[in-house]
Structure formats: structure tokens, C-alpha cells
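Some notes on the structure that comes next.
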Amino acid sequence: MDITIHTAFLPQDDPEAAKAFYSGALGFEVRQEVGYGDMHWITVGPPGQPDVNLVLHPPGADPNITEDERRTIREMMAKGTFASLLLATDDLDAAFQRLVEHDAEIMQEPTDQDWGVRDCAVRDPAGNTLRIQQR
């Protein structure tokens, strides 16, 4: 069986800030933008990996979500506990420096973890936790 990851979803509550962060700080390509009313979906992905996509979507856009659930999602996003993503790079220190230069919210500087991984952690403009590991 040949199954790959094609698209993952992360919430965003400020399309322009999300686009600036993912294209500027992380160097991802903006591949598609779709608007519907006051909602905005942005598809980004790493250069050289056209089959790997990240859709930055409006939280609670699903019509089956109640207003209480939308409120809970907003509260969890504000705390940084709603969504996360793990990325990898060949040069963690350079990636971290780029994040610092783009004023990313730093959660953890590059650190050698007890379990053998060197990584750092930041929050995107919506509060999502991004961990980046050294390959």
C-alpha cells in the first residue's frame, strides 16, 4: 500500500498574519487562497515538496460546530493548546535565526532533548505550536 500525507490543516484567525508567517518566517510557498464571505483558506507548502500541503483555515468554519464549540476553539487557540505541527530541517540553527528575525513568538530555543532530538518551538500568529527538529 502506498499512502502518503498530502494535506494537513491548522486554524488561523488572521489570514494576512498567517500568510506572512508561513511564507516569510518559514519560507513556505503560498499555493492557493480561497475566500468565502469573511472566511479565508490559505494553502502553503515547503518549496520542492509540491505534494505536501498545509491548509490554514478559519476555525469553526464547519457548519456542524456549535457556537459553544467555536468559543472553546477560540479559547484553546489563544492558549496555544488547540493545534500543533512538527517540522524538520537540515539546519535548525539557521531556521531558528530566521524565526527570530521575523519576530516569531519563541517558546523554546534550540535544545538537545533527553530523547535524542535537537529541536525548538515557536507559536504561529494563531497560537498553534510549531516544533522544528534537526534532521
Notebook entry, point to check: Quick check: anything in the stretch 26-36 among the small types (Gly, Ala, Ser), surrounded by 18 or more Cβ atoms within 10 Å (Cβ to Cβ) and modelled with pLDDT under 95?
Noted result: no
Here the residues within the stretch 103-133 that are over 23 Å from Phe82 (Cα atoms) and open to solvent by 60 Å² or more (accessible area, probe 1.4 Å) are Asp112, Asp114, Trp115, Gly116, Arg118
Okay, strands (runs of 3 or more DSSP E) sitting entirely in the stretch 85-135 with 2 or more residues that are out of contact with any Ser or Thr (no Cβ under 9 Å at 6 or more places or on another chain) and modelled with pLDDT of 95 or more, I get 105-112
Filtering the stretch 18-59 for residues that are farther than 24 Å from Ala88 by Cβ and either in a strand (DSSP E or B) or within 12 Å of the chain's Cα centre (by Cα) (or both) leaves a count of 7
Flagged pairs (Cβ under 7 angstrom, 6 or more apart or on separate chains; first in the stretch 86-102, touching a residue at least 40 places away in the same chain (Cβ under 8 Å) and among the β-branched types (Val, Ile, Thr); second surrounded by 13 or more Cβ atoms within 10 Å (Cβ to Cβ) and in a helix (DSSP H, G or I)) are Thr89/Ala95
In the stretch 1-25, anything open to solvent by 80 Å² or more (accessible area, probe 1.4 Å) and of a type outside the set (D, E, K, R) is listed as Met1, Ile3, Thr4, Ile5, His6, Phe9
Here the residues within the stretch 84-100 that are among the polar types (S, T, N, Q) and open to solvent by 80 Å² or more (accessible area, probe 1.4 Å) are Ser84, Gln97
The number of residues in the stretch 60-77 that are without any contact (Cβ under 8 Å) to a residue 60 or more places away in the chain and either among the small types (Gly, Ala, Ser) or in a helix (DSSP H, G or I) (or both) is 10
(message) Any residue at all in the stretch 74-83 that's in contact with a strand residue (DSSP E or B) (Cβ under 7 Å, 6 or more places away or on another chain), at negative phi, open to solvent by less than 60 Å² (accessible area, probe 1.4 Å) and modelled with pLDDT under 95?
(response) yes
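The values are calculated or read from the model by the stated rules, or taken from the named source; none is laboratory data. In this text the structure is predicted, and so the values were computed from the model without any measurement. We place every Cβ from the backbone using ideal geometry, glycine too, and count neighbours over all the protein chains shown. These area figures cover heavy atoms from the full protein model, side chains too; ligands, DNA and RNA do not enter into them. Shrake-Rupley method; radii C 1.70, N 1.55, O 1.52, S 1.80 Å.
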